[in-house]
1. Looking for whichever is buried (at least 22 other Cβ atoms within 10 Å of the Cβ), assigned by TED's automatic domain parsing to the domain that holds A:Val174 and within 26 Å of the chain's Cα centre (by Cα) here; the options are A:Val42, A:Val17. Which one fits?
2. Would you pick out the residues in region B:212-228 that are loosely packed, with under 12 Cβ neighbours inside 10 Å, hydroxyl-bearing (Ser, Thr, Tyr) and either on the phi > 0 side of the Ramachandran plot or not in a loop (DSSP other than H, G, I, E, B) (or both)?
3. More than 7 Å from every other protein chain (Cβ to nearest Cβ) and charged (D, E, K, R) - does that describe any residue in region C:41-58?
4. On the given criteria, is A:Lys154 surrounded by fewer than 17 Cβ atoms within 10 Å (Cβ to Cβ) and either assigned to a helix (DSSP H, G or I) or of a type in the set (S, T, N, Q) (or both)?
5. How many residues, within region A:120-132, are surrounded by fewer than 22 Cβ atoms within 10 Å (Cβ to Cβ) and farther than 17 Å from A:Thr97 by Cβ?
6. Checking the condition surrounded by 16 or more Cβ atoms within 10 Å (Cβ to Cβ) and among the β-branched types (Val, Ile, Thr), which residue from B:Val38, B:Val13, B:Val33 passes?
7. Can you find a residue in region C:208-222 that is touching a helix residue (DSSP H, G or I) at 6+ places or on another chain (Cβ under 7 Å), more than 7 Å from every other protein chain (Cβ to nearest Cβ) and assigned to a loop (DSSP other than H, G, I, E, B)?
Amino acid sequence: MRAFLENLDRRWIFLLVLIAVSTPILLKLTFPEAPSKQVRTVFSAIDDLDDGSRVLIALDYDPSSKGELEPMASAFTRQCALKKHKLYFMTLWPQGTPMVNQAIDILKNEFPDYEYGTDYVNLGYQTGGEAVIKKLASDLHGTFNVDANNEILKNIPMTQNLKNVRDMDLIVNVSAGDPGTKQWVLFISTPHNIKTVAGVTGVTAPTLYAYIPRQLSGILGAIKAAAEYEYLLIQNYPELKENPKAKEGLRRMGPQLVAHVLIIVLIIIGNIIFFTGRRQGTSV
Amino acid sequence: MKQSTLIWIVIVVLSGGFLAWRTAQTGMGRAYVEAETVIAESGETWTIEKTADAKNARSFNPTTESEAIVKLSWPRTIGVWCAAALTIAIFSFLWGDNPFYKLAEAIFVGVSAAYAMVVGFWTMIVNKLFLHLFPQFVVDNILPNLKGADGSYPDVKYLYLVPLVLGVMLLMRLAPQGGWISRWPLAFFIGATAGLRLVHYFQADFVSQIQATIIPLVVLTEQTTMENVSASIRNITLVVGVMTSLVYFFFSWEHVGVVHRISRVGIWVLMITFGASFGYTVMGRVALLAQRLEFLFDDWLWIIDPASRRLIGG
Amino acid sequence: MKRTIPLIIASVTGFVLVGTFFIPYTRDWGDEVLEWFNILAAIAFILGGGNLMKLSLQKISYKRPGWGYAAVTIIAFIATLVIGLGKFGVAPVKEYPTYSLAGPYDEQGSGFWWIFEYVYYPLAATMFSLLAFFIASAAFRAFRAKNVEATILLSTAFIVLLGRTYAGVFLTSWLPDDNVLRLDNMTEWIMNNMNTAGMRAITIGIALGIMSTSLKVLLGVDRSYIGTDDG
């Protein structure tokens with residue numbers, strides 16, 4: 001048995017992962033969520049703002065992390081729209097513009113009263129990464145001379161009187177890496193003391209805890225936090241209860257649980273093989 | 001014929017049969033759009049199409065109450081099948097390197113490079129560089145909104161010649177000779193990055209981090225004794241954790257005696273940090289896989305309907 | 001000229017940006033430098049695309065192994081480029097129907113949108129999702145409790161893996177909600193304290209490294225980016 005497991009073709013493990021992730025999806029397994037303190041802090045940062053506050057939503061990610069981050073971006077957009085905040089969308093990733101368009105589709109489909117130019121605007125994308133963020137701190141119109149629809153910012157009601165990003169009441173960043181939350185902390189939230197919250201991938205989340213709470217008010221780390229956030233949002237805004245699109249993160253926690261348990265079992269089996277082998281002097 | 005080849009042929013035939021049967025039964029993989037007619041002030045008309053749910057199309061669901069014109073879109077239906085094929089082609093790498101994976105990989109490389117180029121071209125080179133150097137041409141062809149009410153054009157800004165020249169020098173890197181000219185724009189890049197980072201890393205990642213670690217080790221507030229003890233333990237853990245980890249990174253002293261013992265605690269703290277990172281990384285990767293499988297089961301195979309787009313579940 | 005001017009450019013550019021932090025009057029200079037930087041970043045995308053073409057064409061002309069795939073790369077590259085730059089399928093803007101190039105390049109329904117939605121997106125997302133399989137395989141083969149350090153790492157990973165799903169709540173649901181030994185609470189405690197401490201030390205270390213490297217570049221001590229050849 002030990003010899004079989006020791007020489008196990010890794011494709012059997014791949015098959016197990018495939019079954020572990022696909023079965024809960026097909027069986028529509030979901031589990032109850034209990035929002036953590038960190039998630040509640042992020043939620044309050046948006047909810048405690050006066051209605052109609054200016055919120056910059058920077059969606060700095062692309063399809064390679066959409067599975068993790070889209071539920072966060074959607075939840076932030078819905079919450080801000082329910083609070084009637086003025087939304088300024090932008091991205092620092094070239095493949096991020098469709099991510100912004102998807103968030104805007106939520107506004108178009110679920111909040112038909114939200115009007116482009118007075119309630120939300122799509123600033124689009126700029127090359128340069130951290131240099132764009134740095135420039136935004138002093139000159140919005142110099143950085144984005146036109147929006148994503150090629151309309152000049154001075155002709156758009158909600159941008160014409162804005163000088164720079166310091167006029168924002170909150171920055172919400174959904175990020176998959178560089179440029180992303182770290183750069184917003186380095187160039188905006190720390191030097192200019194602007195309240196910032198973020199939704200980030202599992203890979204980057206642990207690295208950003210060092211900035212909490214002074215430089216970052218809070219973060220949502222990976223899909224679990226997204227699910228907790230969706231749960232909290234539905235609790236506070238029951239009108240979302242019947243909206244299946246507002247439960248993407250919650251839905252994804254089923255495969256998450258089974259896959260995590262599988263990986264733990266694999267590690268345990270791997271260690272049993274290792275220790276039994278060491279006792280018999282055959283394993284390294 | 002090898003046994004593995006035979007197995008593969010059987011798998012492919014069975015899968016093909018299943019797909020053909022399911023397509024005939026359910027119409028899986030179809031995409032629908034809502035057509036909207038746009039009428040310009042000049043009287044010209046054209047149609048734009050937006051993604052729509054199948055349940056709103058009469059051809060799919062005769063009982064629909066939707067008044068919008070929702071119809072089947074062939075380009076998008078082909079797109080869904082193309083996306084499914086590419087997804088499976090990438091997954092095929094799990095079996096081993098094969099021509100389908102290599103083909104998908106080659107497409108990915110080409111499309112990614114061109115995608116970034118197109119986005120950079122329209123957003124920066126046209127909207128910024130060309131607009132400021134050739135305003136009349138750009139406004140008359142691409143950005144009509146920028147024409148003044150009196151028919152005036154934005155002013156030419158000659159300072160934009162600098163990035164144009166530096167840009168041409170950068171592209172000299174592709175030339176067989178004279179590649180050294182690209183060192184100038186490269187030096188500009190390096191210098192600007194160094195200048196940006198020097199101060200901001202000092203402020204946000206050095207000073208602010210030290211500042212955030214200067215906290216009371218014994219917390220005495222108006223909270224309950226238990227809460228004060230808990231806050232004190234938290235602060236002590238944080239301060240000791242940072243200090244010991246920093247000692248581990250300090251290589252100017254030999255790690256012997258007291259330094260060795262402190263740095264060993266630092267390693268443990270770092271191991272906890274890496275363990276947490278591993279857990280979070282697993283979580284992230286599984287979420288990405290779940291999303292891809294959801295695409296196959298939902299958009300393509302129509303086995304699940306989590307967003308209630310076809311009224312067969314949700 | 002080949003070496004001195006780049007050093008001067010790097011130094012002047014860098015110090016202008018450092019200056020904007022301390023001298024508000026120089027902010028406009030800094031903004032101008034950043035604008036040039038952003039435009040050059042877009043031109044760097046062209047350089048990247050050009051380089052890919054150059055290497056792929058070389059591979060084809062020398063018939064190196066896999067040259068057929070290089071041809072596929074070139075076809076995919078050119079097709080995306082032509083469709084994107086030509087704004088194929090982009091509807092006119094209502095106010096300016098005669099301007100065929102005035103609409104957004106990534107408008108829904110356009111050719112460029114189609115390529116993103118049905119080619120780039122599935123490829124990129126699936127490519128990264130493969131890591132879920134490999135991380136599981138690596139966990140089985142390499143994640144061993146060989147010594148104290150590895151055991152600590154392994155234990156933390158266990159707690160976090162369980163604590164970040166409902167399994168953590170279920171397994172320790174018999175404990176009071178605010179008990180730190182509950183797996184979900186323990187995960188939060190680890191992240192907020194131990195992980196923060198470790199990451200803070202790493203952040204400080206990286207900051208010192210970046211600051212010293214930046215300063216060396218600005219002072220001309222580090223010249224590695226200029227290269228050593230005369231070409």
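The values are calculated or read from the model by the stated rules, or taken from the named source; none is laboratory data. Keep in mind that this is a model prediction, so the values were computed, not measured. Cβ coordinates were reconstructed from backbone atoms using ideal geometry, including for glycine residues, and neighbour counts include every protein chain displayed.
1. So the residue among A:Val42, A:Val17 that is buried (at least 22 other Cβ atoms within 10 Å of the Cβ), assigned by TED's automatic domain parsing to the domain that holds A:Val174 and within 26 Å of the chain's Cα centre (by Cα) is A:Val42.
2. B:Thr225
3. There is no residue in region C:41-58 that is more than 7 Å from every other protein chain (Cβ to nearest Cβ) and charged (D, E, K, R).
4. Yes: the conditions hold for A:Lys154.
5. Of the residues in region A:120-132, 0 are surrounded by fewer than 22 Cβ atoms within 10 Å (Cβ to Cβ) and farther than 17 Å from A:Thr97 by Cβ.
6. Only one candidate qualifies: B:Val33.
7. Looking for residues that are touching a helix residue (DSSP H, G or I) at 6+ places or on another chain (Cβ under 7 Å), more than 7 Å from every other protein chain (Cβ to nearest Cβ) and assigned to a loop (DSSP other than H, G, I, E, B), one finds at least one in region C:208-222, hence yes.
The rows are residues; the columns are (1) part of a helix (DSSP H, G or I); (2) closer than 17 Å to A:Gln38 by Cα; (3) outside the structural domain of A:Ala176 (by TED's automatic domain parsing).
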{"site": "A:Pro206", "(1), (2), (3)": "yes, yes, no"}
{"site": "A:Pro213", "(1), (2), (3)": "no, yes, no"}
{"site": "A:Ile223", "(1), (2), (3)": "yes, yes, no"}
{"site": "A:Ala227", "(1), (2), (3)": "yes, yes, no"}
{"site": "A:Leu266", "(1), (2), (3)": "yes, no, yes"}
